[in-house]
Amino acid sequence: MTDETIEQQIKSGLQHPKLTRLKIAKRGFFIVLGAIMMALGIEVFLVPNMIMDGGIVGISIILYNLTGISLGVFIFFLNIPFFFLGYKQIGKTFTISTIIGISILSLATNYLHHVAAFTQDMLLATVFGGIVLGAGVGLVIRYGGALDGSEILAILLNKKFPFSVGEFIMLFNVFIFTWGGFVLGWDRAMYSVLAYVIAFKTIDIVIDGFDESKSAWIISDKDAEIGDAILARLGRGVTYLRGEGGYSGDDKRVIFCIVTRLEEAKLKSIVEELDPSAFLAVADINEVRGGRFKKRDIH
């Protein structure tokens, strides 16, 4: 094999595979839908009740209240620097998806600005505004884009300073909500914090889904019996891994399997029944793909 051939293979391996038209259409649809949902959350719940979001959108809402200039204008132009940062830090596809999402968000907020508020109740506006906004942001993130440049800035700063991305976002939002307290009033700032927390949790649900799975690691001298019982009584496949005791130096077989939250209690009872002294570790898993995760019939 020549050096040129090796170099070509390396280059081809580094290149991203092209998306099919169906995948591009699906990604575009959900990014547009997510941006419109976020605009609904902002314009029909939050802004009419003078409630803020965090990040660049939060700054845009404050500037809109100070100047009266269209909210969509601030959202778009304040995010422009982050398009370039996103291209350098995350990639071309992400940047294009983000530009589309923020452009739709800006246009939708302008269009929905004259739509009457769904409710004047502050608590209802906070809760449902946070849910709708968070669902929209979660959809866009799930399909490869972003609707706020503050997270991109946090990724960049994380490489230069000894703080995590989450810590930078938290500090950024503390500043925004404090500023909002002076501009809009402290009661509005507190409602804004509540809306932000609700949106944040909704984003997690949309990205990770409700069907959270569990990974289980089991170390036992009765590995074969436990593995057979999991297969027969839960309908779940198991994988046996080779391990060595750090203290004893003995060879061990480690059982690894994936179960749903509803099956976790039954798994624990199986292990307890067959080997009460077995080591069992259970952890959350947000996504499972490939392999033979599909449940087998047990009856």
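Can you find, within region 211-256, the residue that is nearest to Ile285 (Cα to Cα) among those that are surrounded by 17 or more Cβ atoms within 10 Å (Cβ to Cβ) and among the hydroxyl-bearing types (Ser, Thr, Tyr)? Per the stated criteria, the residue is Ser213. Of the listed requirements (1) in a loop (DSSP other than H, G, I, E, B); (2) free of Cβ contacts under 8 Å to residues at least 24 places away in the same chain, Gly237 misses just one: (2).
As for region 99-106, it holds at least one residue that is at pLDDT 90 or above, under 20 Å from Ile141 (Cβ atoms) and surrounded by fewer than 17 Cβ atoms within 10 Å (Cβ to Cβ).
Looking at Leu123, is it at negative phi and either surrounded by 16 or more Cβ atoms within 10 Å (Cβ to Cβ) or out of contact with any helix residue (DSSP H, G or I) (no Cβ under 9 Å at 6 or more places or on another chain) (or both)? Answer is no for this residue. Just one of the listed residues (Phe118, Phe83, Phe74, Phe94) is touching a Ser or Thr at 6+ places or on another chain (Cβ under 7 Å), assigned by TED's automatic domain parsing to the domain that holds Leu33 and either surrounded by fewer than 19 Cβ atoms within 10 Å (Cβ to Cβ) or free of Cβ contacts under 8 Å to residues at least 12 places away in the same chain (or both), and it is Phe83. Residues in region 198-228 that are at pLDDT 90 or above and farther than 14 Å from Val254 by Cα: Ile198 alone.
Of the residues Leu66, Leu46, the single one that is closer than 14 Å to Ser192 by Cβ and at pLDDT 85 or above is Leu46.
Checked against (1) under 21 Å from Met50 (Cβ atoms); (2) touching a residue at least 12 places away in the same chain (Cβ under 8 Å); (3) surrounded by 16 or more Cβ atoms within 10 Å (Cβ to Cβ), Gly181 passes all but a single condition, namely (2). When the criteria are applied in full, Leu22 fails the requirement of being in a helix (DSSP H, G or I) and in contact with a helix residue (DSSP H, G or I) (Cβ under 9 Å, 6 or more places away or on another chain).
The values are calculated or read from the model by the stated rules, or taken from the named source; none is laboratory data. Predicted model only: the values in this text are computed from it and were never measured. Neighbour counts are summed over all protein chains in view; Cβ atoms, including those assigned to glycine, are modelled from backbone coordinates with ideal geometry.
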